[in-house]
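Quick notes on the structure that follows.
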Amino acid sequence: MLKTSPEACVSMPWVQCRDGIFEVDEFDCASCFLVEGTERALLIDTGVGIGDLKWLVENRITDKPYDVVVTHNHGDHIGGAGWFDTIRIHPADADWKEGHAAPTVSFRREYAELIRNREGKDYAYDPQKDIRPWPKEPEILSVSDGQKFYLGGRTVTAYHCPGHTAGEIVLADDLTKTLLCGDACNCNWLLCADLAPTLRGCAEKALAGLERILNMAGNTFDIGSVFNFHHDFRPFGQPLAPNVLPDLVSCLKSVLDGTAKYESVPDPLSSDGKSRTIARYGSVMVSCMQGSIAEAGR
Ligand SMILES: [Zn+2]
């Protein structure tokens, strides 16, 4: 019998987007995914940590035992980690509690407020009540390139894809040929400025990582079944357009070979109307977390 939600917790929308793959929408802030096999499940990312994702997973989505893995070390993906006993993260993102996007309560509340303002919506949660301090510190285990999660009737494989962070991973499900890619690929993509001594080196590293994943398309996953972990450039529960990953690779190539088209656009993650320089290619905009993407072309 399904239990009712504890009164303290707001309930989050969720949808089955592929056979046994569920997307949880954390009020437009971020998405988390759960893949369920016949024996086990795998929860991928923990969002900003609004409400009680653990309760939702265990009482509404699956009755299987599950592991928790996070795609990368940003506070909108690991913000709910403190409700789980153990999480897995790539060792290159082991500084997961450092930096501008560390999952502090203030970061989590500010990020949620930014999204609330951007979307102009009135969400069902209360930032003070529903974005709470963690009840505990989770145990941290690693996830490595090629690591497989055997779920029963399906296997999910993690691949290291540095670019958005040093330790970003993407995960491919062999049953549905779906790629669950965190922030490794999207239409408004951010390059990490700490991957190499120069921004050019960062862009080269990101291009190599993304080209490797793109080369797996058609075998490991279908190019029409790629899900990033924010649904602002795709409908909730539906994949990215099939040209997004190829466009992202082409965009980074254009930055490096000097043919990129640069524009200044309002920064969607700025609360004070700042603008940022982007390189645009097809469906994709690329910019840098610090500095200008145009510097990466030099
Ligand atoms: Zn991110």
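Could you check, for the stretch 108-117, whether at least one of its residues is buried (at least 16 other Cβ atoms within 10 Å of the Cβ) and assigned to a loop (DSSP other than H, G, I, E, B)?
No, the stretch 108-117 contains no residue that is buried (at least 16 other Cβ atoms within 10 Å of the Cβ) and assigned to a loop (DSSP other than H, G, I, E, B).
Could you give every pair whose Cβ atoms fall below 6 Å, whose first residue belongs to the stretch 151-167 and is within 16 Å of the ligand (Cβ to nearest atom), and whose second residue is outside any loop (DSSP other than H, G, I, E, B) and among the small types (Gly, Ala, Ser), counting only separations of at least 6 or pairs across chains?
Short answer, once both residue conditions are applied: Cys161/Gly209; Pro162/Gly209; Gly163/Ala206; Gly163/Gly209; Ala166/Ala92; Gly167/Ala92.
Within the stretch 88-98, track down each residue that is outside any loop (DSSP other than H, G, I, E, B) and within 16 Å of the ligand (Cβ to nearest atom).
Ile89, Ala92, Asp93, listed by residue number.
Of (1) among the small types (Gly, Ala, Ser); (2) away from the ligand (no atom under 16 Å from the Cβ); (3) surrounded by 14 or more Cβ atoms within 10 Å (Cβ to Cβ); (4) within 21 Å of Pro13 (Cβ to Cβ), Gly79 satisfies all except one. Which?
Going through the list (1) among the small types (Gly, Ala, Ser); (2) away from the ligand (no atom under 16 Å from the Cβ); (3) surrounded by 14 or more Cβ atoms within 10 Å (Cβ to Cβ); (4) within 21 Å of Pro13 (Cβ to Cβ), Gly79 breaks only (2).
From the set of residues in the stretch 51-76 that are within 16 Å of the ligand (Cβ to nearest atom) and β-branched (Val, Ile, Thr), which is farthest from the chain's Cα centre (by Cα)?
Val69
Can you find even one residue in the stretch 199-211 that is among the charged types (D, E, K, R), surrounded by fewer than 16 Cβ atoms within 10 Å (Cβ to Cβ) and touching a residue at least 40 places away in the same chain (Cβ under 8 Å)?
yes
Take the residues in the stretch 188-225 that are of a type outside the set (Phe, Trp, Tyr), within 27 Å of Val265 (Cβ to Cβ) and assigned to a strand (DSSP E or B), then tell me which one is nearest to the ligand (Cβ to nearest atom).
Per the criteria, the residue is Leu190.
When the stretch 34-50 is examined, which residues are found to be surrounded by 21 or more Cβ atoms within 10 Å (Cβ to Cβ), in contact (Cβ under 8 Å) with a residue 60 or more places away in the chain and more than 16 Å from the ligand (Cβ to nearest atom)?
Result: Val35, Glu36, Gly37, Ala41, Leu42, Ile50.
Need pairs with beta-carbon distance below 6 Å; first residue closer than 11 Å to Pro103 by Cβ and within the stretch 61-90, second of a type in the set (Asp, Glu) and in a loop (DSSP other than H, G, I, E, B); sequence gap 6+ or separate chains.
Here the result reads Val70/Asp45; His77/Asp45, each pair linking the stretch 61-90 to a residue that is of a type in the set (Asp, Glu) and in a loop (DSSP other than H, G, I, E, B).
Which count do you get for residues in the stretch 26-50 that are of a type in the set (Ser, Thr, Tyr), part of a loop (DSSP other than H, G, I, E, B) and within 15 Å of the chain's Cα centre (by Cα)?
Matching residues across the stretch 26-50 total 1.
Okay, residues lined up against (1) within 19 Å of the chain's Cα centre (by Cα); (2) under 22 Å from Ile78 (Cβ atoms):
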| site | (1), (2) |
| --- | --- |
| Ala166 | yes, yes |
| Leu175 | no, no |
| Ala184 | yes, yes |
| Asn188 | yes, yes |
| Leu195 | yes, yes |
| Arg200 | no, no |
| Gly209 | yes, yes |
| Arg212 | yes, no |
| Asn219 | no, no |
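Just a yes or no: is a residue in the stretch 174-187 surrounded by fewer than 23 Cβ atoms within 10 Å (Cβ to Cβ), outside any loop (DSSP other than H, G, I, E, B) and of a type in the set (Lys, Arg)?
Checking the stretch 174-187: not a single residue is surrounded by fewer than 23 Cβ atoms within 10 Å (Cβ to Cβ), outside any loop (DSSP other than H, G, I, E, B) and of a type in the set (Lys, Arg).
Please state which of the following conditions Ala101 fails to meet, knowing it meets all the rest: (1) in a loop (DSSP other than H, G, I, E, B); (2) out of contact with any helix residue (DSSP H, G or I) (no Cβ under 8 Å at 6 or more places or on another chain); (3) within 15 Å of the ligand (Cβ to nearest atom).
(2)
Values in this text are rule-based calculations from the coordinates and carry no lab data. What you see is a predicted model; the values in this text were computed from it and never measured. Note that each Cβ is placed from the backbone with ideal geometry, even for glycine, and that neighbours are counted across all protein chains shown.
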